[in-house]
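The values are calculated or read from the model by the stated rules, or taken from the named source; none is laboratory data. No experiment lies behind these values; they were computed from the predicted model shown. No Cβ is skipped: glycine too gets one built from the backbone with ideal geometry, and neighbour counts run over all protein chains shown.
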Amino acid sequence: MTRTTTTDRVFASLRESIVTGEFPPGSLHSIYRLADLLGVSRTPVREAVLRLADIGLVTIERNRGVRIRGVTVADVQAVFELRLMIEVPATAHAAAHADEQLVSAIEAELEHMRRYALADDEQQFTAHDRQLHHAIGAALGNARLQAEVATLRDSIQARGATTIRRSRTMVELAAEHAPIVEAIGTHDPVAAAAHMEQHLVHTATLLMEQVSAVSGDVVDPDWSRGLREHLYLPGRSAGTRHPGQ
């Protein structure tokens, strides 16, 4: 069993305060004040703040304190532009080349997601969501690609940004993955890539809207158009518009 330390609890509490807007972007906080607020010593607060700085949620200003950075709309857009460039073609490849064993593994991850959604177990649901995307990438046999996708996901999720229970339910999110898995199972690269593209754009847009509600940043509703027009997809030339644009 994993032991939760005081630093872990302080980190989780501060991160929640940041992503919910309780500590707004740009606000400045002293280690002393945070320690008093949380009823702990300054040492776990310092350690938690260093972890928050590592994932980009705060900056540490010498002799001043901790400046809240938060997650910006630009952060989300940058991450999902990279995910679109990596995961959409990878999904097409999986649909074209995945063997039956890998298809079964991908289908099993979707079933796990459905089961844990109904059980309202967000931790297990999220774990199998990650595993589903990992299994899709496995068709390429490129460990670096899978590691990059995991890092991109972590750069957002570790900062507390999620659509679950905020913009959509786990049941809805599992249903969004279903057509991707079905297209891979029927070895339809065109449909698989299109559904993955739709899923990633939808997820990013929901996240950007959530962040915007706290930060006031403007969300461009057509943020993905230029990139999507130049993504390689089977059956679609660069610059060709497609349904949904």
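Being aliphatic (A, V, I, L, M), under 16 Å from the mean Cα position of the chain (by Cα) and either assigned to a helix (DSSP H, G or I) or assigned by TED's automatic domain parsing to the domain that holds Pro189 (or both) is a description that does not apply to Leu110. For Val181, state whether it is over 30 Å from Ile68 (Cβ atoms) and of a type in the set (A, V, I, L, M, F, W, C). It is true that Val181 is over 30 Å from Ile68 (Cβ atoms) and of a type in the set (A, V, I, L, M, F, W, C). Name the residues in segment 92-123 that are among the polar types (S, T, N, Q) and over 14 Å from Val181 (Cα atoms), would you? The answer is Gln123, and nothing else.
Find all pairs meeting these conditions: Cβ atoms under 6 angstrom apart; at least six residues apart or on different chains; first residue within segment 7-32 and hydroxyl-bearing (Ser, Thr, Tyr); second residue part of a loop (DSSP other than H, G, I, E, B). Partner pairs satisfying both residue conditions: Ser17/Phe23. For segment 39-73, a residue qualifies if it is touching a helix residue (DSSP H, G or I) at 6+ places or on another chain (Cβ under 9 Å), in a helix (DSSP H, G or I) and under 22 Å from Glu148 (Cα atoms), and the qualifying residues are Arg51, Leu52, Val73. Test Glu87 against the stated conditions and say whether it is surrounded by fewer than 21 Cβ atoms within 10 Å (Cβ to Cβ) and closer than 28 Å to Ala213 by Cβ. Here the answer is no, as Glu87 does not meet what is asked. The set of residues from segment 184-208 being part of a helix (DSSP H, G or I) and acidic (Asp, Glu) comprises just one member, Glu197.
Looking only at residues of segment 207-226 that are among the hydrophobic types (A, V, I, L, M, F, W, C) and buried (at least 16 other Cβ atoms within 10 Å of the Cβ), we find that the one that is modelled with the highest pLDDT is Trp223. The residue list Ala12, Ala78 contains one member that is in a helix (DSSP H, G or I), of a type in the set (A, V, I, L, M, F, W, C) and modelled with pLDDT under 90, which is Ala12.
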